[in-house]
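The values are calculated or read from the model by the stated rules, or taken from the named source; none is laboratory data. This structure is a prediction, so every number in the text was calculated from the model and none was measured. Backbone-built Cβ (ideal geometry, glycine too); neighbour counts: all protein chains shown.
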Amino acid sequence: MIFASPTYLYLLLLLVPYIIWYVLAHSTFHPKMQVSSTEAYRGLHRTWRVYLVHVPFLLRVVCLAGVIIALARPQEQDSYKHVNVEGIDVMLCMDVSTSMLAEDLKPNRVKAAREVATKFVSGRPDDNIGLTVFAGEAFTLCPLTVNHSSLINLLHNLQCDMTERGVIEDGTAIGMGLASAITRLKDSKAKSKVIILLTDGSNNRGDISPMKAAEIAQTYGIRIYTIGVGTNGLANYPIRVAGVTQYLQVPVEIDTETLQNIADKTNGQFYRAQNTQALYDVYKEIDQLERTKFSTQKFTKNEEGFRPFVALALFVLLLELLLRTTLLKRIP
């Protein structure tokens, strides 16, 4: 919350001497009534009205405070403005085929990949980052954006059940995944344009070969970092049989040669990730890339918030008047 006229808040300081005056005045004031004898009042207990005698004063203080805060015009602010920041343009290109459910990385390949990717996005607040996913087909899940909270939400919900739900076909279309990411980067004005390709297999689907996609990326000055995920040899792969999860030992078949050639073609780097630490290594490499300035837009909107304070002041004022003239009425 901000205040459009914060100088009015200094009036709140006047309430301090007002409260002090009230305390001092009532500490030395003792109401008196001349009666012939006080014998009739002996043994009487104080009523609840005695304990509430200062409530009208407290209500008056609250009323004055509400009026002063309303004069200061509290506002809730949402803002958009043009700012220049430094960063790079990055497209995460992630394999979501069913083979990414293998558990040679803990808890499995896709969960390990999205965890590392989430930390990477969180640590790059000035970068334009987007997300493309692929299996037998490819599509952009999130275009380039600096709204990283939305991208992180998408990463948290990333699963390998798209093929089961019929969203995309199963398989590994590396070339199509790269082509989709290139489409988002080709018109970028950034000096550093990067694709981080993460897969656990070899290309077996799609109309565009991985090397053809690499040539297109080279044309647009896009650097591709490739990551082959999975241990050497065999990996545990879960399958559901009669409602029970069982595991098969499946071979890890990563086309490391093609991934290396893609990286070499675009002046990138190939990483063999047999554990999550290897995934972090590629992001450390990206941190060394040249940054570039770009403009982003932020919207500013101020919403007045004085109305609740005005309503509070009116309410306590009416309550004070009501109590002073009824339950807490005093005889002069």
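Could we say that Gly136 is in contact with a strand residue (DSSP E or B) (Cβ under 6 Å, 6 or more places away or on another chain) and either within 22 Å of Ala179 (Cα to Cα) or not in a loop (DSSP other than H, G, I, E, B) (or both) here? Give the steps one after another, and end with the answer.
On the way: in contact with a strand residue (DSSP E or B) (Cβ under 6 Å, 6 or more places away or on another chain): no; either within 22 Å of Ala179 (Cα to Cα) or not in a loop (DSSP other than H, G, I, E, B) (or both): yes.
Considered against the rule, which asks whether it is in contact with a strand residue (DSSP E or B) (Cβ under 6 Å, 6 or more places away or on another chain) and either within 22 Å of Ala179 (Cα to Cα) or not in a loop (DSSP other than H, G, I, E, B) (or both), Gly136 comes out as no.
In the set (1) at pLDDT 75 or above; (2) touching a Lys or Arg at 6+ places or on another chain (Cβ under 8 Å), Val310 fails one condition alone, (2). Within the stretch 205-234, the set of residues being within 35 Å of the chain's Cα centre (by Cα), of a type in the set (A, V, I, L, M, F, W, C) and under 19 Å from Tyr271 (Cβ atoms) comprises Ala213, Ala214, Ala217, Ile222, Ile224, Ile227, Val229.
Specify which of the listed residues (Pro56, Pro125, Pro143) is in contact with an Asp or Glu (Cβ under 8 Å, 6 or more places away or on another chain) and not hydrophobic (A, V, I, L, M, F, W, C). Working first, answer last.
Details: Pro125 fails: in contact with an Asp or Glu (Cβ under 8 Å, 6 or more places away or on another chain); Pro143 fails: in contact with an Asp or Glu (Cβ under 8 Å, 6 or more places away or on another chain).
Of Pro56, Pro125, Pro143, the one residue that is in contact with an Asp or Glu (Cβ under 8 Å, 6 or more places away or on another chain) and not hydrophobic (A, V, I, L, M, F, W, C) is Pro56.
For the stretch 248-283, the set of residues classified as under 16 Å from Met100 (Cβ atoms), assigned to a strand (DSSP E or B) and in contact with a helix residue (DSSP H, G or I) (Cβ under 6 Å, 6 or more places away or on another chain) consists of Ala273 only. Considering the stretch 204-247, and only residues there that are outside any loop (DSSP other than H, G, I, E, B) and among the hydroxyl-bearing types (Ser, Thr, Tyr), the residue that is surrounded by the most Cβ atoms within 10 Å (Cβ to Cβ) turns out to be Thr226.
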